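K.L.:
Sending over a structure as structure tokens; questions will come in a sec.
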Amino acid sequence: MEAAAAVVGFGAGAGLTRWQAAALSAVAGWVWAASFYDLTRRARALVQPWVTRRVHAETAAILRFQRLEHKLLDNIFSMLSCVVSVPFYTGFLPLLFWSGHGRLARQMTLLMAFCDYLGNSVKDIVSAPRPCSPPVRRVTATEDEKENAMEYGLPSSHALNTVCLTGYLLHYVLTYGEHGSVTVAAGLSLAFLLVMLVGIARIYLGMHSLTDVGAGIGFGIVILAFWLSVHDRVDAFVVSGENVATFWAGLSLLLCFAYPKPEFPTPSFEYHTAFNGVAFGIVYGIQQTYFHFHTPDAPLVFSAELPLLTFAGRVLVGIPTILAVKFCSKALSKWLLPVVCSTLGIPTVSSCYVPALRADSGSGKNRQGAGHLQRLLFSHFPRKAYDVDTGIRFVQYASLAWSVVDLVPAMFAHLNL
């Protein structure tokens with residue numbers, strides 16, 4: 001909590017408006033209240049037993065459903081799960097930016113980060129198991145699915161994300177495109193069908209119970225309704241607001257603390273950190289380049305100004321560039337962040353990226369003592385070891401996202417793409 005208070009204090013001194021300072025203070029206050037009153041443990045004690053009983057009670061129904069086992073169904077449902085997974089959306093969103101649909105790409109990126117934060121927070125608060133395997137047959141056809149299986153079950157992230165992103169895409173098409181009653185009916189039918197198929201796929205693959213999927217759909221509907229009520233204000237703030245980069249930097253840092261501690265470690269916080277970085281990188285990059293590359297007048301793919309062949313050239317240039325930026329920023333932050341933390345006297349450990357700082361490496365953590373200046377600057381931070389991997393992960397994904405909307409469009413302009 002002391003670290004969160006320091007962030008708010010920094011923000012107040014950075015010229016933030018009243019509502020921005022109030023928003024950051026509210027998040028910091030929530031971090032303090034959740035820690036002081038142990039809200040995560042209390043909420044888990046209320047919800048986890050009921051959810052666990054429901055998951056176990058539904059095992060027999062899942063086994064009956066899995067009697068339909070067939071290699072073709074395995075492949076179809078595994079492919080469907082990949083198409084609506086976070087890695088797929090992560091690869092798809094840069095193409096939206098480069099195709100001229102900047103507003104849609106911005107909104108879907110921020111909505112995905114919002115869904116990821118809320119969905120994974122609920123997962124780790126409840127800490128309810130997935131269906132037991134065995135006896136349930138769990139199909140994990142990809143490395144991404146194997147990592148997903150290490151998370152808790154409720155709610156289903158695939159169901160939640162499908163509701164939100166399909167729903168927002170449908171809203172965008174119906175708002176900005178020409179349509180009639182037949183188009184509306186077809187769009188709603190396709191969205192409903194996709195959500196149902198994803199839910200069925202998650203149960204068939206043994207990844208979720210019916211309760212998990214139902215919770216994912218329910219949370220998705222609530223989040224989508226909320227987002228549709230604020231998305232215009234969010235977009236206006238991102239493209240033309242005051243102190244946007246400073247405010248979002250403070251919010252991003254606070255959200256690293258405003259995350260519940262699960263009963264046992266899972267990859268969920270890592271996913272949240274990555275999307276937290278993506279959201280910041282997009283917002284920062286848009287702030288710098290909106291009037292250069294991302295206005296509503298930007299050429300759209302398939303138009304005379306941006307034919308398909310030119311768009312293909314953008315993809316061939318853009319994808320290797322953003323991957324190179326991600327690789328270089330990761331390598332640089334793996335070297336630089338431990339040095340900065342050591343200089344400032346912030347104790348750090350590393351769970352993966354920096355072997356010398358691993359808790360089991362013998363060196364333990366960075367124990368360099370803090371001088372007078374360091375004690376003055378960081379007296380608000382609790383004296384514990386921080387996982388430097390969180391910062392490294394945030395930096396590499398923020399850099400990747402920034403390159404999507406800033407560096408790569410600048411290259412397109414230089415190359416006349």
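K.L.:
What part of the accessible area of the range 102-142, given as a whole %, is carbon or sulfur when the probe is 1.4 angstrom?
P.N.:
After summing per-atom areas, the C and S share lands at 68 percent.
K.L.:
Another one. At most 14 other C-beta atoms within 10 Å and a DSSP loop state: those are the exposed GluC sites (Glu not before Pro) I care about. Give me the longest piece of the chain that has none. Mind dumping the intermediate values first?
P.N.:
Numbers: sites that count: 69, 178, 242, 305.
That would be 306-417.
K.L.:
Using a Gaussian network model of the chain whose springs link C-alpha atoms within less than 10 Å, name the residue from 221, 282, 203 with the highest mean-square fluctuation.
P.N.:
221
K.L.:
Give me the number: length gained by fully extending residue 258 to residue 88, i.e. 0.36 nm times residue separation minus the C-alpha to C-alpha distance, one decimal in nm.
P.N.:
Details: separation 170, 0.36 × 170 = 61.20 nm, distance 2.67 nm.
The residue 258-residue 88 span can extend by a further 58.5 nm.
K.L.:
Let me ask something else. Students often get this wrong: which residues of the range 130-150 have the backbone nitrogen under 17 Å from the point 7 angstrom along Cα-to-C-beta of residue 64?
P.N.:
Zone members listed by number: 136-137.
K.L.:
Can you work out the Karplus-derived ³J(HN,Hα) for every residue in the range 208-218? Use 6.51 cos²θ - 1.76 cosθ + 1.60 with θ = phi - 60°, whole Hz, and x for glycine or proline.
P.N.:
The phi angles translate into 8, 8, 4, 5, 4, 5, x, 5, x, 5, x Hz.
K.L.:
For the range 144-155, take each phi angle, set θ = phi - 60°, evaluate the Karplus expression 6.51 cos²θ - 1.76 cosθ + 1.60, and give the result in whole Hz per residue in order, putting x for glycine and proline.
P.N.:
So the J values, rounded to whole Hz, are 4, 5, 5, 5, 4, 5, 7, 7, 6, x, 8, x.
K.L.:
Moving to a separate point now. Where a ≥ b ≥ c are the square roots of the eigenvalues of the C-alpha gyration tensor, would you call the range 48-112 rounded, which needs a/c under 1.5, or, failing that, prolate if a/b is larger than b/c, or oblate? Display every interim value, and only then the final one.
P.N.:
Details: a/c = 5.58, a/b = 1.87, b/c = 2.98.
Because a/c hits 1.5 or more and a/b fails to exceed b/c, the range 48-112 counts as oblate.
K.L.:
Continuing with this model, one more query. Projected onto the charge dipole of the range 35-122 (+1 at Lys/Arg Cβ, -1 at Asp/Glu Cβ, origin at the Cα centre), which of 117, 104, 73 gives the Cα projection farthest towards the positive end?
P.N.:
Positive-most Cα among the choices belongs to 117.
K.L.:
Skipping prolines and chain starts, which residues have an amide H placed within reach, meaning under 5 Å, of the one on residue 133, given they are 5 or more residues away or on another chain?
P.N.:
Counting only residues 5 or more places away or on other chains, the set is empty.
K.L.:
A further question on this structure: Grab the DSSP H runs of the chain that are 4 residues or longer, score each as -39,500 (n - 2.57), total them, divide by all residues and round the 222 nm result to the nearest 500 deg cm²/dmol. Could the numbers behind the result be given before it?
P.N.:
On the way: 17 runs with 294 residues, N = 417.
Calculated at 222 nm, the ellipticity per residue is -23500 deg cm²/dmol.
K.L.:
Taking R0 as 41 Å, what's the FRET efficiency between residue 222 and residue 407 from their Cβ-Cβ distance, rounded to 0.05? Before the final figure, lay out each step's value.
P.N.:
Numbers: r = 36 Å, r/R0 = 0.88.
Working from the Cβ atoms, E equals 0.70.
K.L.:
Distance in nm between label sites at residue 33 and residue 300, each 7 Å beyond Cα in the beta-carbon direction?
P.N.:
4.4 nm
K.L.:
Any of 261/326; 71/123; 146/326; 146/261 with alpha carbons more than 25 Å apart? Name them for me.
P.N.:
261/326; 71/123
K.L.:
Stretched out fully, how many nm does the piece from residue 182 to residue 416 gain, at 0.36 nm a residue minus the Cα gap? Please list the in-between numbers first.
P.N.:
Working: separation 234, 0.36 × 234 = 84.24 nm, distance 3.99 nm.
Gain on extension, residue 182 to residue 416, equals 80.2 nm.
K.L.:
Another question, if that's okay. What's the longest uninterrupted piece of the chain once you rule out the chymotrypsin sites (Phe, Trp or Tyr not before Pro) that are loop residues per DSSP with at most 12 other Cβ within 10 Å?
P.N.:
Details: sites that count: 37, 302.
Longest site-free region, per DSSP loop and neighbour criteria: 38-301.
K.L.:
Using a/c under 1.5 as the rounded threshold, could you call the chain rounded, prolate or oblate? The axes a ≥ b ≥ c are square roots of the C-alpha gyration tensor eigenvalues, and prolate needs a/b larger than b/c, oblate otherwise. Write down the numbers at each step before the final one.
P.N.:
Numbers: a/c = 1.59, a/b = 1.09, b/c = 1.46.
Oblate shape, in that a/c is at least 1.5 and b/c is the bigger or equal ratio.
The values are calculated or read from the model by the stated rules, or taken from the named source; none is laboratory data. Note that the coordinates shown come from a computational prediction; the quantities given were computed from them, not determined experimentally. A quick note on method: Cβ atoms are made from the backbone with ideal geometry, for glycine too, and the neighbour counts reach across all protein chains shown. Ligands, DNA and RNA are stripped out before the accessible areas are found, and what is left, the full protein with its side chains, is counted by its heavy atoms. Shrake-Rupley method; radii C 1.70, N 1.55, O 1.52, S 1.80 Å.
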